[in-house]
Each structure stands twice: as C-alpha cells, then as structure tokens.
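Visitor: One structure is given below, represented as structure tokens, and several questions about it will come after.
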Amino acid sequence: MSSTPPPQALTKQPGTDEHALDDGALGWLRALGPRGRRAFAGAFGGYALDSYDYFTLPLSMVALAAYFGLDSGQTGLFTTVTLVVSAVGGAVAGVVADRVGRVRALMITVITYAVFTVACGFAPNYETLLVFRALQGLGFGGEWAVGAILVAEYASARHRGRTLGAVQSSWAVGWALAAIVYTLVFSFAGADLAWRIMFWTGALPALLVIWMRRRVHDAPEAAAVREQSAQKGSFTAIFKPGLLRTTVFAGLLSTGVQGGYYTLATWVPTYLKTDRGLSVVGTGGYLTFLISGAFLGYLTGGYLTDRLGRKRNIWLFALLSAVCILAYANIPHGANTLLLVLGFPLGFCMSAIFSGFGSYLSELYPTAVRGTGQGFTYNTGRAVGAVFPTTVGFLADSWGVGGALVLGAIGYGIAALALLGLPETRGKELA
C-alpha cells in the first residue's frame, strides 16, 4: 500500500518526469528521469565495486595470516588502517565534490581504490600490504558519500529513501561477487597465490570509469545552486554554529552504526572458518544467507525510511541488529544449521539500518556543503568505528572471535543515542 507523504514531498525535484508521483514498485526509478537513471547506474556500480574491493581483504584474511605469519591483532589492523584513512579520503572527496562536481569526484575515488587494491596483490611483505591497504582507503572512503549525493540530488523527496536504499543494496551485490570469486579462486589456486589473485581482480572498476566519463552528469539545478554559493566546499562551514550540532551528532551516529557493521563484515568469515571449523565452500554457503539477507535488508530499509521516517528506521534496526549479533555469537557448537538460518536476519538488520543514511545525511546539509558534510561525518564514523574490529582482533585470542563479536552490539547502542541530537528530515527538498 502507498503512504501519504508530507505535503512538501509532492514538489517536483531535479531530474523527475511525469511519473514522479508514481508509487508503484519501480516508481522511484522512473521518477529519476533518463539522466538520473544514468547517475543511479554509476553510483550503484561504483559502490558495488567498492564493496568488492573492500571484501577481498576479509575473505583472504586467513590466507594472509598464514602467509605472513600474523596474529589476530595484526590482521585486525588491516581493517583499522583502511577505515581510518577512509576518513581522510571521505573528507577530501566531499570537499572536491562540492568544488568540482559530484561525477568528477566519483571517478577520482573509483580510480583510487581500484589502483591500490591491485597494488595489494603485489605486496612482498606485511608492512607494504598495510600501506597499500591504507591508500586504498582514500578512494574507498569517498566513493559512497559522493555517489549518494549525486543520486540524492536527482531523487524526489517522496522517493529519496527508496532510491538511496537501492543504491546502498549494491554493497551486497559487490559482497556476493567477492564471495563467489573467493570460492572459485581459493578452490582452484593454492592459498599463497589465491589471495594475490583476489586483489588483482580489483582492477574491474576501471571499466566503470570509462562509461561514467561519457554518460553521467551532475543534477543541473543542484549544480547551479552549488556554483553560485560563496561557501561551496568550505570545510569550516560544517563546524559553524548553524551546523556544528548536526556535524557532531551525525558523526556519532555514523560511528555507532559502522562500528557494529565493520565488526561483523571483518570477522564473520574468520569466525566461520576458525571457531566453527567450516571449509572454504562451507564458508561461502553460510555467507550466501548473510548476503541475501543484506540485499533484501537494504531494499526494505529504503522503503521503511520513506514510510516511517529516517530516525525511526535507524532506531528500529539498531535494536534488532544488536539482538541478532548477541544471538549469532552465542549459538552452541554443533548447531551449525541454526547458524546458517540466523545469518539471514543478521544480514538483513545490519544492512537495513544503512538504507536511510544516504538520504538522511544528504538532507542534513545545504547544497553548498552537502559533499563536505556527508563526506566528513560518514567517514569519520568509519575511522572511529574502526576501533571495534581491531578490538575484536586483540580480544579474539582470549575470548574467541565469537565472544568478541558481541562488541558490535555496543556500536548500535551508540547510534540510537546519537539520534536524540538530530532532527527528522523526511520530505525535505534539496535544491
């Protein structure tokens, strides 16, 4: 059934057409118009390949630990440096997006993460791999924020949650592709070579950049507003009295959600192989349930963020995600069927909470500093949230990976509290 949006949501937005108010299953896609749909395709592909390149590391973690003789703390540091440096990349990409345009900034981020993912495959030692992975974080950090803003400025207020939720679902697509490639590569190549091959396949995003350069453009009306502003791309503007509160609480919200998420994304593959004793193929099978739940969670969360509002959607799935983590980490040994089944709701909840992020953060900032604000808060959350997976790594030797995973639930509690300092933005116009 369709819902009645706030009155201001009925205003036509940049890039919409005569189908803008269609509430059918694909009404949000038709409402984008031809240029908006190309922007959607570029952002969807960029984020899917961003996800693919990110997951080459967690899926190869056990092989890397064996090859370089690493302990859990050292392997956890891979994720930490990626996420910490991503804060720098995200902040820089946001400023660049406000100054030179969304599409140009998007292409720069995609090229950056692709180049350094491939470089990881040539690393001769742990220290070099750590540096390359950190540099990969520069592009990884900026891609989502820039792509989300590009699409948000084409989307109508009525459909923005669903539209950005669909873009967010591409993370699950990239994750699934990485899991498939991992299963094939590690089944047919020795572990010492397989992890290198995984990183080398990270060259795929170069093809997307060639297409985007010719076919994707910024939303005209939003670009005009941005160009006319004297404050465009001003980093200090997001810390001035009018936006300081928003910046602080949005950064805290991002920290909590991403701390919980990356704890799971980083350590579940290792948990399945070490604590639960699953094979490569077995791990891939269990991840299928987790990723399938994630994909549907992104789409469902996007729909609910338009129906319930941005804050209610995040509150709901923060609670459910925390419950699922605690249940998943405490399943008795021998009950692997239950572990398989519970992977679906776990993936669903921890992804549905992200669906409102693209629309919510875009709506919290004015056009001139939208890239700067979203890039900074989203990626600062990544950097600070990186403490969670590293802490799991250091605790895993004494608590076990499963026991340490419960720290992810704390992140979702932080996110729920952060919402108390932020406004509801459902139905807000952007240009």
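The values are calculated or read from the model by the stated rules, or taken from the named source; none is laboratory data. Keep in mind that this is a model prediction, so the values were computed, not measured. With ideal geometry, Cβ positions are generated from the backbone for all residues, glycine too; neighbour counts draw on all protein chains shown.
Visitor: Select from the stretch 315-373 the residues that are in contact with an Asp or Glu (Cβ under 9 Å, 6 or more places away or on another chain) and aliphatic (A, V, I, L, M) and write down the one among them that is nearest to residue 225 (Cα to Cα).
Guide: That would be 368.
Visitor: Turning to a different aspect of this structure: Among (1) farther than 13 Å from residue 254 by Cα; (2) surrounded by 24 or more Cβ atoms within 10 Å (Cβ to Cβ); (3) at pLDDT 80 or above, which single condition is residue 408 missing?
Guide: Answer for residue 408: the failing condition is (3).
Visitor: I've got another one for you. Quickly run through the stretch 65-84 and pick out the residues that are of a type outside the set (Ser, Thr, Tyr) and surrounded by fewer than 24 Cβ atoms within 10 Å (Cβ to Cβ). Steps first, answer last, please.
Guide: First pass over the stretch 65-84, keeping only residues of a type outside the set (Ser, Thr, Tyr): 65-66, 68-71, 73-74, 76-78, 81, 83-84.
Correct list: 65, 66, 68, 69, 70, 71, 73, 74, 77, 81, 84.
Visitor: Please state which one of 342, 296, 320 is modelled with pLDDT under 85, hydrophobic (A, V, I, L, M, F, W, C) and part of a helix (DSSP H, G or I).
Guide: Values: 296 fails: modelled with pLDDT under 85; 320 fails: modelled with pLDDT under 85.
Answer to the selection: 342.
Visitor: Might you check whether a residue that is at pLDDT 80 or above, among the charged types (D, E, K, R) and closer than 17 Å to residue 89 by Cα occurs anywhere in the stretch 350-364? Please lay out each step first, then the result.
Guide: Residues of the stretch 350-364 that are at pLDDT 80 or above, as a first pass: 350-364.
With among the charged types (D, E, K, R) added as a condition, the list becomes 363.
Imposing the further condition that a residue be closer than 17 Å to residue 89 by Cα reduces the set to none.
Taking every residue of the stretch 350-364 in turn, none turns out to be at pLDDT 80 or above, among the charged types (D, E, K, R) and closer than 17 Å to residue 89 by Cα.
Visitor: Consider residue 260 against the criteria (1) touching a Ser or Thr at 6+ places or on another chain (Cβ under 9 Å); (2) in contact (Cβ under 8 Å) with a residue 12 or more places away in the chain; (3) surrounded by fewer than 18 Cβ atoms within 10 Å (Cβ to Cβ); (4) closer than 29 Å to residue 353 by Cα: it satisfies all of them except one. Which criterion is unmet?
Guide: Tallying (1) touching a Ser or Thr at 6+ places or on another chain (Cβ under 9 Å); (2) in contact (Cβ under 8 Å) with a residue 12 or more places away in the chain; (3) surrounded by fewer than 18 Cβ atoms within 10 Å (Cβ to Cβ); (4) closer than 29 Å to residue 353 by Cα, residue 260 fails exactly one: (3).
Visitor: Search the stretch 184-213 for residues that are more than 18 Å from residue 53 (Cβ to Cβ) and pair each with any residue that is surrounded by 15 or more Cβ atoms within 10 Å (Cβ to Cβ) and polar (S, T, N, Q) when their beta-carbon atoms are under 9 Å apart and the residues are at least 6 apart or on different chains.
Guide: Close Cβ pairs (under 9 Å, with a partner that is surrounded by 15 or more Cβ atoms within 10 Å (Cβ to Cβ) and polar (S, T, N, Q)) amount to 191/60.
Visitor: Right, another one. In the stretch 311-322, is there at least one residue being closer than 18 Å to residue 258 by Cα and touching a Pro at 6+ places or on another chain (Cβ under 7 Å)?
Guide: Looking through the stretch 311-322, none of the residues is closer than 18 Å to residue 258 by Cα and touching a Pro at 6+ places or on another chain (Cβ under 7 Å).
Visitor: Output the residues belonging to the stretch 378-389 that are of a type outside the set (Gly, Ala, Ser), crowded, with 24+ Cβ neighbours inside 10 Å and over 14 Å from residue 92 (Cβ atoms).
Guide: 388, 389
Visitor: Could you pull out the residue among 110, 96 that is within 22 Å of residue 212 (Cα to Cα), more than 18 Å from the chain's Cα centre (by Cα) and either modelled with pLDDT of 90 or more or surrounded by 18 or more Cβ atoms within 10 Å (Cβ to Cβ) (or both)? Give the derivation first.
Guide: Details: 110 fails: more than 18 Å from the chain's Cα centre (by Cα).
Going through 110, 96 in turn, the sole match is 96.
Visitor: Restricting attention to the stretch 320-333, does a residue exist that is within 24 Å of residue 240 (Cα to Cα), surrounded by 19 or more Cβ atoms within 10 Å (Cβ to Cβ) and of a type in the set (Val, Ile, Thr)?
Guide: Start the filter on the stretch 320-333 by keeping residues that are within 24 Å of residue 240 (Cα to Cα), which leaves none.
There is no residue in the stretch 320-333 that is within 24 Å of residue 240 (Cα to Cα), surrounded by 19 or more Cβ atoms within 10 Å (Cβ to Cβ) and of a type in the set (Val, Ile, Thr).
Visitor: Return the residues of the stretch 114-168 that are among the hydroxyl-bearing types (Ser, Thr, Tyr) and either surrounded by 24 or more Cβ atoms within 10 Å (Cβ to Cβ) or touching a helix residue (DSSP H, G or I) at 6+ places or on another chain (Cβ under 7 Å) (or both); say none if nothing qualifies. Break it down stepwise before answering.
Guide: Filtering the stretch 114-168 down to residues among the hydroxyl-bearing types (Ser, Thr, Tyr) leaves 117, 126, 128, 154, 156, 163.
Listed by number, the residues that qualify are 117, 126, 154, 156, 163.
Visitor: Still on this structure, I have one more. I'd like to know if the stretch 16-37 contains one or more residues that are buried (at least 24 other Cβ atoms within 10 Å of the Cβ), out of contact with any Ser or Thr (no Cβ under 8 Å at 6 or more places or on another chain), at pLDDT 85 or above and not aromatic (Phe, Trp, Tyr). Spell out how you get there, then give the answer.
Guide: Keep residues of the stretch 16-37 that are buried (at least 24 other Cβ atoms within 10 Å of the Cβ), which gives 28, 31-32, 36.
From the residues that got through so far, the ones that are out of contact with any Ser or Thr (no Cβ under 8 Å at 6 or more places or on another chain) too are none.
No, the stretch 16-37 contains no residue that is buried (at least 24 other Cβ atoms within 10 Å of the Cβ), out of contact with any Ser or Thr (no Cβ under 8 Å at 6 or more places or on another chain), at pLDDT 85 or above and not aromatic (Phe, Trp, Tyr).
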